[in-house]
1. Under 9 Å between Cβ atoms, which residue pairs at least 6 apart in sequence (or on different chains) link something in the range 54-71 that is under 9 Å from Ser96 (Cα atoms) and free of Cβ contacts under 8 Å to residues at least 60 places away in the same chain with a partner that is open to solvent by less than 50 Å² (accessible area, probe 1.4 Å) and basic (Lys, Arg)?
2. Failed condition for Lys16, given (1) in contact (Cβ under 8 Å) with a residue 24 or more places away in the chain; (2) outside any strand (DSSP E or B); (3) not polar (S, T, N, Q), with all others met?
3. Looking at (1) surrounded by 18 or more Cβ atoms within 10 Å (Cβ to Cβ); (2) in contact with a helix residue (DSSP H, G or I) (Cβ under 9 Å, 6 or more places away or on another chain); (3) of a type outside the set (Val, Ile, Thr); (4) closer than 15 Å to Met36 by Cα, find the lone condition where Ala185 falls short.
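The values are calculated or read from the model by the stated rules, or taken from the named source; none is laboratory data. Keep in mind that what you see is a predicted model, and the values were worked out from it rather than measured. Cβ placement follows ideal geometry from the backbone for every residue including glycine, while neighbour counts extend to all protein chains displayed. Side chains are part of the model used for accessible areas, which takes the heavy atoms of the whole protein and leaves out ligands, DNA and RNA. Shrake-Rupley method; radii C 1.70, N 1.55, O 1.52, S 1.80 Å.
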Amino acid sequence: VRLYDETPLHRDNFLKLASEGFFNDTLFHRVIKDFMIQGGDPESKGAPAGKNLGSGGPDYTIPAEIQPATLFHKRGALSAARLGDEVNPMKESSGSQFYIVWGTVYEEEEIDQMAMQLERYTRGQVVMTDAVKEVYRTVGGTPHLDGQYTVFGEVVEGLEVVEAMQEVRTDRSDRPYEDIRIVKASVVE
């Protein structure tokens, strides 16, 4: 993955955790076909089958760095997970949990309709440009998340692995039946 300089708090935190070995042996504990794959929960290390995961992390959050006009949820986007608006109105990100977007490719009418809904829902704070719409029509992604979560990087090599991962069988909690483990995360300059 490549991390974005436009989101320095998220970038620096992710680099720190990766260099400390925080992500080593953690699972992609939540996988939803045609949507995303999620990891970064330290409680997933050695977790027995069936254990409910997704609430672990360091004892801090990261202030939101949401920039939907330029950093949006295209296929391959690396984004920070977070608690819902009802308990997290400032949209602060989890200190460690992240997801990688898969999503779908949209027809022109679909993305235009979604753009109007998103603009209305966010009271004009998120306006999807023609360039962003074109990415959703050709590359794909999850536009309904724009303006809600911090996108802080993207997969630049190995997107086919993400594609294969989002195809696995999962239980009712979206946890893969067969563990998908991050063996080692490293920082590459």
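1. Qualifying pairs under 9 Å: Thr61/Arg82.
2. (1)
3. It is condition (4) that Ala185 fails.
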